[in-house]
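Comments concern the structure below.
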Amino acid sequence: MTTLIKLEILRTLRNKKFMFFSVIYPPALYLIVAGAADRKPIPGTGLSTGLYYMVSMAAFGAMTAVLLGNSERIAKERQAGWVRQLRLTALPGRGYVAAKIAAAATVSLPSILVVLGVAAVVKDVRLEPWQWGAIAAGTWLGSFVFAALGVAIGYLATGDAVRPISMLVYFALAFLGGLWMPMTLLPQWVQNVSEWLPTHAYTALGTAVEGGSAPHAKDMAILLGYGLLFAGAAAWLYRKDTRKA
């Protein structure tokens, strides 16, 4: 399984589309969104624009890498018969799923670090060393939740349908979770929905640390719950796909 994880990581890093959308695009978008108002406080958050969007764009880049990349790759591999070929080897079924999640989460790390680096160097964001480490670690660990969701979508959709389905889920979670716009600027009903979404809990890990406190237990519980749900769905869909073969 270790060999498969290494191969998955190398293959993903050689993908130019991945490099753009998950590593280059998020920090570029951060610079555009933060703009000249990076020190302007956002109502209801206690954070400047630069601080708030640093966390949200790091999460956005990580989610791009693990959700979109994972779902499309798995669906196309199923369509091409590669997954069926792997079942003829000694690799256990859970090994393939675990390898996909681990590889996707690993390649999400560059996106997170680049956004944090741009914020520090270009936007002059200043935090304590423990805050930088906690934000990077929390954002990376949280990306495993969306990696599992990507695996589930990859087994749910066909090669032709996977892109529109994954894009719909991706954009809905990004918008409703507050990755593109602070939730305090959106209608109350959107805020009520967002409070229970994994993307909101995901970014809340970093924004809590930026404010100098530990992540809230509620957000951690929501993220963990979704992680178990998505991982369980991925395992069930994998077994269902195996019975079809």
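The values are calculated or read from the model by the stated rules, or taken from the named source; none is laboratory data. Here the structure is a predicted model, which is why all the values come from computation and not from measurement. Backbone-built Cβ (ideal geometry, glycine too); neighbour counts: all protein chains shown. Side chains are part of the model used for accessible areas, which takes the heavy atoms of the whole protein and leaves out ligands, DNA and RNA. Shrake-Rupley method; radii C 1.70, N 1.55, O 1.52, S 1.80 Å.
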*Being at negative phi and small (Gly, Ala, Ser) is the filter here, so list the residues in region 189-230 that pass it.*
Ser194, Ala201, Ala204, Gly206, Ala208, Gly211, Ser213, Ala214, Ala217, Ala221, Gly225, Gly227
*Does region 177-215 hold any residues that are without any contact (Cβ under 8 Å) to a residue 24 or more places away in the chain, more than 17 Å from Pro43 (Cα to Cα) and among the hydrophobic types (A, V, I, L, M, F, W, C), and which are they?*
Trp189, Val193, Ala214
_Looking for something open to solvent by less than 60 Å² (accessible area, probe 1.4 Å), over 14 Å from the mean Cα position of the chain (by Cα) and small (Gly, Ala, Ser) - is there at least one such residue anywhere in region 136-148?_
no
*State yes or no: is Pro215 out of contact with any His (no Cβ under 6 Å at 6 or more places or on another chain) and either open to solvent by less than 10 Å² (accessible area, probe 1.4 Å) or not in a helix (DSSP H, G or I) (or both)?*
yes
*All but one of (1) in contact (Cβ under 8 Å) with a residue 24 or more places away in the chain; (2) outside any loop (DSSP other than H, G, I, E, B); (3) closer than 20 Å to Phe21 by Cα hold for Ala234; which doesn't?*
(3)
*Take region 34-78 and flag every residue that is farther than 30 Å from Ala152 by Cβ, part of a helix (DSSP H, G or I), open to solvent by 10 Å² or more (accessible area, probe 1.4 Å) and touching a helix residue (DSSP H, G or I) at 6+ places or on another chain (Cβ under 7 Å).*
Ala37, Thr49, Leu51
*Filter region 9-18 for residues that are modelled with pLDDT of 70 or more and either closer than 11 Å to Thr49 by Cα or buried (at least 16 other Cβ atoms within 10 Å of the Cβ) (or both) and give the result.*
Ile9
*Filter region 118-136 for residues that are touching a helix residue (DSSP H, G or I) at 6+ places or on another chain (Cβ under 8 Å), part of a helix (DSSP H, G or I) and of a type outside the set (A, V, I, L, M, F, W, C) and give the result.*
Gln131
